[in-house]
1. In what sequence do A:CYS45, B:CYS415 fall when counting other Cβ within 10 Å, fewest first?
2. Be a star and scan region A:62-77 for residues whose amide nitrogen sits under 18 Å from the point 7 Å along the Cα-to-Cβ vector of B:ASP177.
3. DSSP beta bridges in chain A, what fraction antiparallel, as a percent rounded to 5?
4. Spin-label point model (7 Å from Cα, Cβ direction): what's the B:LEU526 to B:ALA579 distance in nm?
5. Over all residues in B:43-56, what is the mean tally of Cβ atoms on other chains that come within 10 Å of each residue's Cβ?
6. B:ALA539 versus A:HIS72, label points 7 Å from Cα toward the beta carbon: distance in nm?
7. Rank-order B:220-230, B:273-283 by packing density, defined as the average count of other C-beta atoms within 10 Å over each peptide's residues, highest first.
8. Magnitude of the Cβ-charge dipole of region B:497-689, K/R +1 and D/E -1, about the Cα centre, nearest 20 debye?
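The numbers here are math on the coordinates, done by the rules we state, and not lab data. In this text, all values refer to a predicted model and were calculated from it rather than measured experimentally. Note that each Cβ is placed from the backbone with ideal geometry, even for glycine, and that neighbours are counted across all protein chains shown.
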Amino acid sequence: MFDFFRPLSTDSAASVQWIDSAVKNSASRNRLLLWVDAVGGFFVCQGNEVRLGQAVPGSEVEVPLLADLSRHHATIRRDEEGYTIEPIRDVWLNHQKIERVSWINDGNLIQLGPALQMRFTRPHPLSATARLDFVSNHRTQPSASAVLLMADTCILGPGSSNHVVCRAWPHDVVLYRQHGGLYCRAGGALEIDGKPCDGQGPLTPQSRVSGDEFSFSLEEI
Amino acid sequence: MLTWIENPLFKPEPTDESMEPHATQLDQNAPRGGPVKFTYANGARPLAGYTIKRGVGRGGFGEVYFAVSDGGKEVALKLIRHNLDIELRGVTHCLNLKHPNLIALYDVKQDEQDNSWVVMEYATGESLEDVIRRHPQGMPADQVADWMHGIAAGVAYLHDHGIVHRDLKPGNIFRDDGQVKLGDYGLSKFISCSRRSGQTESIGTVHYMAPEISNGRYGKEIDIYALGIILYEMLTGRVPFEGESVGEVLMKHLTAEPSLAEVAADYRDVISRALAKDPTRRFESIGQLVSALPAVAGAAYRAPLVETLAADAPLAANVERLPPPQAVYTPQAANAPQGQLAQQAPPPSGGLFPDDEPIWRAVRDGWRSTRDSWDNLGTPSKIGVVVLGVMLISNSYTWDFAINVVPPLISLYICYRVARFVLMQQAGHSAATVSAPPRPEPIPRPTAAGPSEPAATMYQATSSDARRPEWRHVGKRGRRGSGRHWREQAAAALVVKSPRERLADLAGSMIFAAVICAVMCVVAILLRGGESIVKEQYAWLALVSLLGSWAILIPSKLWEGTLGDQTLRRVALLIVGLAMGAVAYLAADMLMITFPDTPSLHAVSSNLGGRFYDAKGAPLLYAYLAYFGGLFATVRWWKQADPLRHTRLSLWNTGWSVFAAWVIDWIWAFPQPWGLMVAAIISISVQLVSPFVPQHDRVARTAGME
C-alpha cells in the first residue's frame, strides 16, 4: 500500500507543477525535448517563431541559452520561403554583423553576443525543418545536443541527410504534425508507450517510442 | 546471458526473477555490437536522487545513462548489475583521481535492488571517434597533435598512479569545453578478461588491443600500443589492422605489420615503435612517445605538456639511438613492390591484384629471416658459419647438385608462375573485391547533422557499427571457403588460451612429436643407406629424440608468450639437458648399444680421461651429461616452439642447433653422427609440432583462387 501511494503523491505534486508550467510556458512555446537513446538529446521547437536569449530563471524565450546574451537576443522565423533572423542585440551572420532581418541559409554561421556560435543547417531537402548546432562551447537550458526547428516533419535515422542521424538504426522514423497533434511513423515494428502500433501512431508530449533496434522518448519542457 | 557472463571468471548468477526480467530478455536479444537497448527510459528514477534522461551507450559492464540530479546536476550514470565486486574495486581505486584530462568519477551508489551505479562527469563534447569519422582521409596535423597531447597527459597521469587504462579507444575519448577527456578508466580493468573470450566482443573493441593481451599481460605497454593505433587512425582515418571478424583482427595484431605507406613520414617511427609486437621494444613511457612526436606548426598545446613530462626527458634522449623495431619500416622497404608493406596495403579495387605467390613469399621470408638472424649473430658464430659455408662450397658434390638440380627447379617455377598469373587474371576481380578492406563510408557533408551530436556515442562499446554491416556483406559476397574458419579459430584460440587449453595443446604436440621422431628416424635410416642397420641404434635415436623434444616442449609451453630472463631459461634447460643426458645414457645402457663410430677425441675431450670415456673411447655417463647439458643450454630452444616464430619450420634454426651440437662435440666428443642427428631431429620435431600462427593473413589473398 505504501509503495502504491508514494508515487501517486509525487505524481500529483508533479501534475500541479505541470499544469502551472503548461499554462505559463509549454502551451505557448510549443517545445519538447527529444531524447534519442544512444544518440543524443534534442531541443525541439515546433513554432514558426523562435526567440533566443539568455537562460535565466523565468526565462520566456523558446531557446534559453547558457551564454552571455540578452534575455531576448534574436528571433528566428520560418515562412514558406525560408528562415530569417531578426537581431535584437549583437548578431553576426557568417562573421558579418547584421542590423536588420536577414535570410539564413543552409550552413550559415550565426554568432550571438561575444562568443556563442551556432551552425544553421537544413539537412533534408524535402523538409523545412532546420537544425542549430553549437560551434562554441555553449548549451541550451535544459541542455541538449542541438536545437531542432521543426516544421511539419522531423526525420530520424541512419541517413546522413536526416535531421537526427542515428547510424545504428535499421530504418528511418518520421515525426510529423497532423491535425495539431504529433505522430510517429516507422518503416518497421513500432511500439508507442508500450503498445504495438501498426507502423504509425499518435504521440503525447511524454511518449516513449521503441522498435527493434531503437528507442527514444519525448519530454515536455 | 549478459555479455560479460561469458567470462569464466564470473559465474553466471541465477537471474533474479524479481529484477527486471525485461532487461535480461533485452540483453539476450541484443545483437552483438548492434544497437543498444536500454532498461530505463526517460523519466525513470532507478537511483534515488537522479532522473534518467536517455541511454547513452553500453560500456563493457553495463548501460550508461545521461541523468540529471534533483539539484540539477547533469551526470552520466553507469549501471553495474548484481553488484560486481570485482568491477567496483577498479572504480573505487580511481574514484579520487583528479586530472583535467580524465572524466571525473563522482561516486558509487547502490539502488534498492542492490545494483551499483557509478556517478560520473558527463562529457558533452564530441568523441574522438566522431572526429575521426568526419575526417575519413585523416585529421589535420595540428588537431592530431592537440588530441595526442591531451590523451597522453591523461594516460601519463594514470600510469603515474599505477593504473593501466586498458581500454583506450576513440569512443572513450572526448573533447569537452576544449579539453580532451578520457573516460572508462578503472572500469575497464576486468572487461579485458571477457574480451579475450572473443565470442562476445564486437569487432570495434579489438582494434586497439595489444598482442600480448593474448597472454594475459596487461602492462602499461598496452596503453602505449593503443595510443599508437589511435595515432595511426587519426592520421589515416582508419585503424591499421582491419578484418571481418574478431579472430582476424586479433591475428593481425599478433602477426601483421602495419602499413605505414599512407602515414606522413615524420610519424612512421613513432607508430612503428609504439606498435612493436614485443612490448619491451615499445616506448618505455608515454613521455617518451610524446617527445618522439614530430613538432607541429600550430603546436601551442605542446608547451604545458612538455612541462608535465619533463621528468621523462633524459629517457627521451635515448629514443633516437634505438633501432627501429622492424627492418620493414625503412623507406626502401616501403617502396619495394614485393615488400611486406605492399602486401599489407589495400589493393586498389579493380586494379592489378598484387601478386603474393606462396613459394616466392616463403623464399623471401626465409631469406629475410636468415638475414635478420645473421645480423643478430655474434662474430664467433659468424666465423663458424663462414667456415661451414666454405667447406660446403669447396665440396664437388655441392656443385654437382647445384648444376643438376637448380636450373630445372627454376624453369619449373617460371612455368608455374606464368600459369598462376593467367589464373589470377581471371580470378583477379573477385579476389580484389574480397581483399579490399572496406573503408568507413565518407560523410559527404561534414557540417550536417552527423558531427555534433555531443557524446552521442559516448561509452559505446559498439564503436565501429557503421563499418560492420559492410564487412559482413563483403564476407558473403566473397564466397569464403571453410579454409578461413580454422585459421580464425586458431588465432582466437591462441588469444583465449587458458591453462587447460595449453595443456591440451601440449598433449597434442607431444603425441605428434612421437610421429615426427619416428618418421625422422626412418628418414635417417634411408639417408645413411642400407649399410649396417642396427635396430637398437635407431631405437635409441628415436627414443632420445622424442624425450628430448618433450623436454623442450614442456618448459616452452610454460614460457609461451612471456619474455622471461634468458639466463634463467638457459639454466633451466641445462638442468633438463643433464637429466636428458642421464636418460640417454640409461637408454643406451639398456639397449646395450655399442656405437660403431666411436668419437674421435678432440683437443679437450682427449684430456678428460677415464671418467668420460672408456678405453675404447666410448662415452660414459659424464660424457652424456656434458653433451646433452651443453646442447640444451646452448640453443634457445624455446624460440623454436614459439607460436609467433618467423616460419613454422626454419632450417636456419635446425642448422643452428646442429652447429651447436657440432661445437659441443669438439669439447665433449660424442659418437657421431648420432649426436648431431639427435639435435637435428629434436629441432625439426619441436618446430613442426609446436602451434604456429602464420605470419600473414593468407586468407584474403588466396580466397580468389580457392
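1. B:CYS415, A:CYS45
2. A:65-69
3. Numbers: 65 of 74 bridges.
Percentage antiparallel, nearest 5: 90.
4. Simple spin-label model gives 3.4 nm for this pair.
5. 3
6. For the pair B:ALA539/A:HIS72, the computed spacing is 10.9 nm.
7. B:220-230, B:273-283
8. So the dipole magnitude of region B:497-689 works out to roughly 460 debye.
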